[in-house]
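Please read the structure below before turning to the comments.
The values are calculated or read from the model by the stated rules, or taken from the named source; none is laboratory data. All figures in this text were calculated on a predicted structure; none of them were measured in a lab. Glycine gets a Cβ as well: all are built from the backbone with ideal geometry, and neighbour counts include every protein chain shown.
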Amino acid sequence: MKKKSNLGKQILARFVPVSTIDYIDSLVRLYRVNFKIVNPRKTKLGDCRFPLQNDAAITITVNIDLPPLQFLITTIHELAHAKTFREYQNKVAPHGLEWKNNFKQMFQPILNEQYLNPEEIKIINALLKNVSATSSGNHQLNDFLFKDNPDVTFLKDIPQEKVFILNERKFKIISKARTRYLCEEIKSKRKYKIHGLAQVSTFEES
């Protein structure tokens, strides 16, 4: 008999679509995971730490500040790592074919309107067509997550002539590419390629 999950369904209800809680909880128990919700980290949304022994618990952490759909995607991303470890240990690449297949398979049971709304299903299906190591660069996902947040501005959405601020430094756009923009820092005149989904603030010169 499987051990009781340490996840805490009432706690998880604050972070993911309520209809998916039992499914997530079952995966945590199945792959013997210690699941922790942690303070925000700038460099990653989630993390999966493997044990030294294959039968010991795996530790997964997910940032506390993620919107529900992003929290769900990040959670399944990390659970796919747990599943892949149980199957292959450390014998395959972290985001290789085995992990990609597990990521896709673990979403299938909840890709219907019993669990998610049509817009969420559409976004996840688009994400699964081209699975990558991170979801933060997905335009459809980011537009959905921040569409009602007036405080969030993406580089891709500002006019080319606008000066913008990123990490307390002022830049201007030189040219636009498909995903990354060639930008020049105002002070140093150095050029950088910056992702169009970088969150920036605009600056009005006097």
Residue that is nearest to VAL92 (Cα to Cα), among those in the range 5-50 that are at pLDDT 90 or above and assigned to a loop (DSSP other than H, G, I, E, B): PHE50
Tabulated pairs, the range 177-203, first more than 13 Å from ILE158 (Cα to Cα), second assigned to a loop (DSSP other than H, G, I, E, B), C-beta under 6 angstrom, 6+ apart or interchain: THR179/GLY196
Every pair of residues 6+ apart whose Cβ atoms lie under 7 Å, when the first sits in the range 100-129 and is part of a helix (DSSP H, G or I) while the second is polar (S, T, N, Q) and at pLDDT 90 or above: ASN102/THR84; ILE110/THR20
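Residue-wise test of (1) in contact with a helix residue (DSSP H, G or I) (Cβ under 7 Å, 6 or more places away or on another chain); (2) of a type in the set (Val, Ile, Thr).
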residue	(1), (2)
THR43	no, yes
GLN53	no, no
ILE58	yes, yes
PHE71	no, no
HIS77	yes, no
PHE85	no, no
ASN101	no, no
ILE121	no, yes
Pairs with Cβ under 6 Å, 6+ apart, first in the range 16-31 and more than 22 Å from ASP65 (Cβ to Cβ), second among the small types (Gly, Ala, Ser): ARG29/SER5; TYR31/ALA82
Residues that are buried (at least 16 other Cβ atoms within 10 Å of the Cβ), of a type in the set (A, V, I, L, M, F, W, C) and in a strand (DSSP E or B), drawn from the range 157-206: PHE164, LEU166, PHE171, ILE173, CYS183, ILE194, VAL200
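Taking the options THR59, THR84, name whichever one is without any contact (Cβ under 8 Å) to a residue 40 or more places away in the chain, more than 15 Å from the chain's Cα centre (by Cα) and buried (at least 19 other Cβ atoms within 10 Å of the Cβ). Steps first, answer last, please.
Details: THR59 fails: buried (at least 19 other Cβ atoms within 10 Å of the Cβ).
Being without any contact (Cβ under 8 Å) to a residue 40 or more places away in the chain, more than 15 Å from the chain's Cα centre (by Cα) and buried (at least 19 other Cβ atoms within 10 Å of the Cβ) holds for just one of THR59, THR84, which is THR84.
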Test: residue in the range 75-85 that is part of a loop (DSSP other than H, G, I, E, B) and of a type outside the set (S, T, N, Q): no
Residue count for the range 81-113, restricted to those that are touching a strand residue (DSSP E or B) at 6+ places or on another chain (Cβ under 7 Å) and of a type in the set (A, V, I, L, M, F, W, C): 2
